[in-house]
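Only one structure is covered here, and it is reproduced in the block below.
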């Protein structure tokens, strides 16, 4: 229980571990105006989910030693690949618990990426489009666009931000800003190692907080004409402090950060395990958060990918990934929805798991590792009506070339299509454009212009059938 003396530190902690997205926001005060897509594209959103969890395997897991398993010369003998069904094999030693949950997922094993370096690839994952430095400042993260669209659905009692993330500060680009959108659509990025230290206020601290807030509000009202001249960023900070005030006054916020020793152990006692527990807890509070991005960093094994003595290797990262994701799936599938009687959290949540690209198939490189590979890599989907056990798309015997795209298009699906699938699940028309941008360029939610011309921006419906 936080005391009065700890109130100031608690508020600073909230701003410190939850403000990365706001700190980079480019506020312009524009009210977004949506319009039809310039290219005549039309979307049919499914609206099958209340929530989306995006689990980013940041740095790129080796697809041929995970979800598109292929025998290769560089593979160790101790990982015990086991047949799950059809041509789906998983290394039992790497994924002993996830092996029991894998039947809940549908897989697409035919994705390709525009990008092949981490910063650009992870920017692509967060925004659903390629990095263009001329316009990067005005481009919002996907989660911020979702927060904009979900604003009209927020209830008076919703105090949690629509868009939350865990560990995004560990990714190459960090937690991206709202671009030209208002800062209230910013991500609140939580550092899992700091978040569990407690955010509870006792009765005296709450009373002190409210008194300070009352005085601050009076000062702001008195200084309003002066503040208005200080620039656009002030509005963003005021909005963020308002969010912080509402969160600290809501008993559901500290509840979301309570973790039992048993859960911590079951989820693997790691930062990503804690991130998954907190994502589960946040959704379980049903307090307004609907898009959650979990970042699991470190999967960049150019060197010594199978060396157990190396500081980072495939064994180590899989040992973090396996209990975290498996436990999250177990709990989402068993915890009842507070909004839809008779449903579970998994029934109302689309879970998406993927990297920004894959890793080179075949033999290991000259440093006993695997490099970046963007021609083929897999994605996993679960919950919200996804057909369990579906496997779509196929690669050749080495996992190097796409043989079957896995959906109705001849082109391989890309991250744009992952973005469309998440928008669709939340009932958002991803073919919309916002036109009143600072640059004057239309901002399509999902951009149909790829590096070589037009690309399909359909959602991936084959995971549902």
Binned at 10 Å from zero, the C-alpha pair distances of the range 425-465 give percents of 24, 44, 27, 5, 0
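Share of Cα-Cα pairs in the range 44-137 beyond 16 Å, in percent?
When every Cα pair of the range 44-137 is considered, 68 percent fall beyond 16 Å.
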Taking R0 as 56 Å and r as the Cβ-Cβ distance between residue 153 and residue 454, the FRET efficiency 1/(1 + (r/R0)^6), rounded to the nearest 0.05, comes to 0.95
The FRET efficiency for residue 99 and residue 39, from their Cβ-Cβ distance with R0 = 51 Å and rounded to 0.05, is 0.75
Rounded to 0.05, the calculated FRET efficiency for the beta carbons of residue 77 and residue 465 at R₀ = 30 Å is 0.20
For the range 254-316, Rg(Cα) over 2.2 N^0.38 Å is 1.43
Final fewest-first order of 152, 83, 93 on the 10 Å Cβ neighbour count is 152, 83, 93
The simple spin-label model distance between residue 89 and residue 344, using points 7 Å out along Cα→Cβ, in nm, is 3.0
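Multiplying the sequence separation of residue 242 and residue 310 by 0.36 nm and subtracting their Cα-Cα distance, what value in nm do you get? Each step should come with its number before you reach the end.
Values: separation 68, 0.36 × 68 = 24.48 nm, distance 4.59 nm.
Separation in residues times 0.36 nm, less the Cα-Cα distance, equals 19.9 nm.
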Distance in nm between residue 365 and residue 137 label points, each 7 Å along Cα→Cβ, equals 3.5
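No lab work stands behind these numbers, since they all come straight from the coordinates. Remember, it's a predicted structure, so these values are computed and weren't measured experimentally. Neighbour counts run over all protein chains shown; Cβ positions are idealised from the backbone, glycine included.
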